[in-house]
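A short worksheet on the structure shown next.
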Amino acid sequence: MAAVLQAKKTALITGAASGIGFAVAKLCRSRGMHLALLDIDAANLPKAKEVLASTDSSLKTEAYTIDVGDKAQWANVAAQVQSTFETLDLVLLNAARGTKPRESDAWVGNEEYWRQLFDTNVFGPVNGISALLPLLKKEQSTKAIVITGSKQGITNPPGGRNPAYNSTKGAIKILTEHLAHDLRSETSTAHISAHLLVPGWTWTGLMGNVGPTDEKDVKKMKGSWAPSQVAEELERGLQKGSFYIICPDDDVDVALDQARMQWACEDILEDRPALSRWEEGWKGKAEQAIREDAERRRK
């Protein structure tokens, strides 16, 4: 899959005006790729385009303001991309909402909030796949679709009044798994791979790092990763052909991630209470078991 990160190929990236999207765009440009930058942020998207275009005037850099939850806008962008770029090779569906609900009870009075999160975080990728898959199918060279998930869609931590966000990212995990299976199962799409990018704690626009900033000018919180580190992990994952590209951070290493995921999966197998890791009667057992499992994995 590293074949998609090559000179003169084209990357289309949503959420490209800041954070991980902008960092991946910078990485793709450093590999000599043309860029189609998509974002709802009409103020910062032109700035991102200006920064990236200035690095190599021989490469195309186009920006499209879009609400990814709007299917009609996707159709318009896809038509423009098709007429502007010779090929489409890498698609990163990365745009997401992560705000908290206004009401204190996530289950009462927040229906519109749930709808908004699903429109962006789930239907955004669904709309993107529907609009762009025909372009990816046109040419039989290596292509890749990457969708940004979250560890919250795997380990599903409660609290923060935000089950809606966890639910959208759980849906993204399942959606991307099915997409990968379906693509490789059909001859007409076997040249297109799908990958789930799962960042760790990353200092992105959802955390306040808004706009196409130079990372050396951003003071991120201790323990978090910079977006460029996630972009580098994405490249390593594509080079390995990994489907699950799960990123550590400076607080949580790979072994601890794996131990937490193991415990979450075993809630089903062991018939434990849902989310037992945070259940009062199970919390101590979970912490000890996860710690011991992580230590074994590090050896």
### Task
Could you tell me whether R236 is more than 22 Å from N156 (Cα to Cα) and without any contact (Cβ under 8 Å) to a residue 24 or more places away in the chain?
yes
### Query
For segment 179-201, does any single residue satisfy the condition of being under 19 Å from the mean Cα position of the chain (by Cα) and open to solvent by 50 Å² or more (accessible area, probe 1.4 Å)?
yes
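Residue by residue, here is whether (1) among the small types (G, A, S); (2) without any contact (Cβ under 8 Å) to a residue 12 or more places away in the chain; (3) not in a helix (DSSP H, G or I) holds:
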position: R29; (1), (2), (3): no, no, no
position: P46; (1), (2), (3): no, no, no
position: T55; (1), (2), (3): no, no, yes
position: S58; (1), (2), (3): yes, yes, yes
### Task
Please name all residue pairs, on different chains or six or more residues apart, with Cβ atoms under 6 Å, provided the first residue is in segment 276-289 and is closer than 17 Å to N156 by Cβ and the second residue is part of a loop (DSSP other than H, G, I, E, B) and open to solvent by less than 70 Å² (accessible area, probe 1.4 Å).
W278/P158; E279/P273
### Task
Identify, from the list G284, G241, G223, G237, the residue that is exposed (fewer than 14 other Cβ atoms within 10 Å of the Cβ), among the small types (G, A, S) and touching a strand residue (DSSP E or B) at 6+ places or on another chain (Cβ under 9 Å).
G241
#### Entry: Selection count, segment 147-176, where residues are in contact with a Lys or Arg (Cβ under 8 Å, 6 or more places away or on another chain) and of a type in the set (S, T, N, Q)
4
### Message
Would you confirm, using the coordinates I've provided, whether V4 is buried (at least 22 other Cβ atoms within 10 Å of the Cβ) and either in contact with a Cys (Cβ under 8 Å, 6 or more places away or on another chain) or farther than 13 Å from D89 by Cα (or both)?
### Response
no
### Task
Mind listing whichever residues of segment 7-51 are at negative phi, of a type in the set (D, E, K, R) and open to solvent by 30 Å² or more (accessible area, probe 1.4 Å)?
K9, K26, R31, D41, K47, K49, E50
### Task
For segment 134-144, indicate whether the set of residues that are touching a Gly at 6+ places or on another chain (Cβ under 7 Å), within 14 Å of A78 (Cα to Cα) and not in a loop (DSSP other than H, G, I, E, B) is non-empty.
no
### Query
If D119 passes every condition in (1) under 19 Å from the mean Cα position of the chain (by Cα); (2) among the acidic types (D, E); (3) more than 21 Å from L175 (Cα to Cα) but one, which one does it miss?
(3)
## Note on the structure
Within segment 69-112, residues being among the β-branched types (V, I, T), open to solvent by 10 Å² or more (accessible area, probe 1.4 Å) and either in contact with a Cys (Cβ under 7 Å, 6 or more places away or on another chain) or under 18 Å from L38 (Cα atoms) (or both) number 2
### Message
List the residue pairs whose Cβ atoms are under 6 Å apart, where the first residue sits in segment 129-152 and is of a type in the set (D, E), the second is open to solvent by 10 Å² or more (accessible area, probe 1.4 Å), and the two are 6 or more positions apart or on different chains.
### Response
E139/T87
### Task
Considering only segment 251-275, state which residues are touching a residue at least 40 places away in the same chain (Cβ under 8 Å) and outside any helix (DSSP H, G or I).
D251, V252, D253, L275
### Message
On the basis of being of a type in the set (A, V, I, L, M, F, W, C) and either closer than 28 Å to R31 by Cβ or at pLDDT 95 or above (or both), does W107 make the cut?
### Response
no
### Query
Taking Q116, is it open to solvent by 50 Å² or more (accessible area, probe 1.4 Å), out of contact with any Cys (no Cβ under 8 Å at 6 or more places or on another chain) and closer than 26 Å to A264 by Cβ?
no
### Enumeration of residues in segment 2-22 that are of a type in the set (A, V, I, L, M, F, W, C) and part of a loop (DSSP other than H, G, I, E, B)
L5, A7, A16, A17
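The values are calculated or read from the model by the stated rules, or taken from the named source; none is laboratory data. This is a predicted model, so every value here is computed, not measured. We place every Cβ from the backbone using ideal geometry, glycine too, and count neighbours over all the protein chains shown. We work out accessible area using only protein heavy atoms, side chains counted, and drop any ligands, DNA or RNA first. Shrake-Rupley method; radii C 1.70, N 1.55, O 1.52, S 1.80 Å.
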